[in-house]
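The values are calculated or read from the model by the stated rules, or taken from the named source; none is laboratory data. This structure is a prediction, so every number in the text was calculated from the model and none was measured. For neighbour counting, all protein chains shown are included, and Cβ atoms are generated from backbone atoms with ideal geometry for every residue, glycine included.
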Amino acid sequence: MTTLFAILATLRRATGSVTGAVGFAIFVLVILAALFAPVIATHDPDALDVMNRFAPPSAAHWLGTDHLGRDLFSRLIHGATIAMSVALSAIALALAAGTVLGILAAYLSDRGERVILILFDVIAAFPSLVLALAIVAVFGPSTGVVVAIVALTMTPHFGRVARAQVLTLKNAPFLEAERILGASGTRIVFVHLLPNIMGPLVVLASMDIPVVITIEAGLSFLGLGVRPPLASWGTLIQDGYQFLSDSWIPVVVSSLALALATLGFTLFGEALRDAVDPRIGRER
């Protein structure tokens with residue numbers, strides 16, 4: 001119950017500003033669209049109607065249709081599902097792997113710590129696109145490959161933050177008292193360390209969601225991510241770009257959906273960061 005009150009208090013502080021409230025509203029809208037896409041969508045997103053290509057917005061098709069006569073509104077809504085499933089899956093994997101490696105780096109010997117930090121540096125040295133090309137060449141483009149690519153590139157980010165947090169806390173008086181009382185290393189890590197380092201990591205994760213959404217859309221636009229006929233925002237932009245001379249609507253509405261989601265998550269992530277650490281808000 002105390003944890004719930006703390007979460008609600010943090011959320012109240014985060015939405016206390018105009019930008020935080022706007023970001024949270026967009027965050028909720030995108031999450032709801034992703035969760036209830038089959039209910040919200042007015043048509044089957046993959047249903048073809050080639051006799052109704054590039055239809056303008058109407059009561060039957062709220063945003064019109066694409067080059068294959070598919071309902072654009074329904075594909076945009078299902079695109080939110082793809083974007084959020086990739087973002088949340090990739091960040092969850094990166095958060096878990098980075099936290100484990102960060103804790104190990106903080107507790108292992110100097111040699112073990114150096115090995116993990118070198119691993120982080122090697123992964124970070126490869127541009128995401130180059131790494132994506134290499135992995136796609138081996139496994140082929142798919143949603144799972146996009147998740148793996150993003151999780152791999154994000155892991156050092158979380159690992160370094162986790163390591164810094166553990167180094168700050170591992171010699172704290174309350175942990176020394178637990179050791180004197182005979183607490184095992186496992187208990188110290190799971191009961192005391194993890195709850196105290198998760199706050200900054202969760203805030204970091206919230207700020208990385210728009211980054212992942214953009215990466216997924218970019219990879220799908222280049223044909224390295226989600227494959228048609230799945231309705232990723234990146235594939236929608238790519239499809240619309242090919243037929244830009246026939247209709248500008250698919251490119252514009254898909255780009256606006258991507259930009260709006262990215263803006264909303266960025267605003268909410270920054271507001272959440274300022275709420276967790278008010279010193280940052282005062283310094284800005």
Q: Taking ILE209 as meeting all but one of (1) touching a residue at least 40 places away in the same chain (Cβ under 8 Å); (2) assigned to a loop (DSSP other than H, G, I, E, B), write down the number of the exception.
A: (2)
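Filter the stretch 236-251 for residues that are touching a residue at least 40 places away in the same chain (Cβ under 8 Å), touching a helix residue (DSSP H, G or I) at 6+ places or on another chain (Cβ under 8 Å) and not small (Gly, Ala, Ser) and give the result.
Listed by number, the residues that qualify are LEU236, ASP239, PHE243, ILE249, PRO250.
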Q: Those residues that are surrounded by 14 or more Cβ atoms within 10 Å (Cβ to Cβ) and either among the polar types (S, T, N, Q) or under 27 Å from the mean Cα position of the chain (by Cα) (or both), I need them from the stretch 168-191; list them, please.
A: VAL189
Q.
With more than 29 Å from VAL30 (Cβ to Cβ) and either modelled with pLDDT of 90 or more or of a type in the set (Asp, Glu) (or both) as the only criterion, which of LEU117, LEU95, LEU152, LEU167 stands out?
A. LEU117
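Given the structure, is GLY199 part of a helix (DSSP H, G or I), surrounded by fewer than 16 Cβ atoms within 10 Å (Cβ to Cβ) and within 25 Å of the chain's Cα centre (by Cα)? Reasoning before the result, please.
Working: part of a helix (DSSP H, G or I): yes; surrounded by fewer than 16 Cβ atoms within 10 Å (Cβ to Cβ): yes; within 25 Å of the chain's Cα centre (by Cα): yes.
Answer is yes for this residue.
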Q. Looking at (1) more than 14 Å from ALA257 (Cβ to Cβ); (2) part of a loop (DSSP other than H, G, I, E, B), which is the only condition ALA97 fails?
A. (2)
Q.
Exactly one condition in (1) of a type outside the set (A, V, I, L, M, F, W, C); (2) at pLDDT 85 or above; (3) under 22 Å from the mean Cα position of the chain (by Cα) is false for TYR241; which is it?
A. (3)
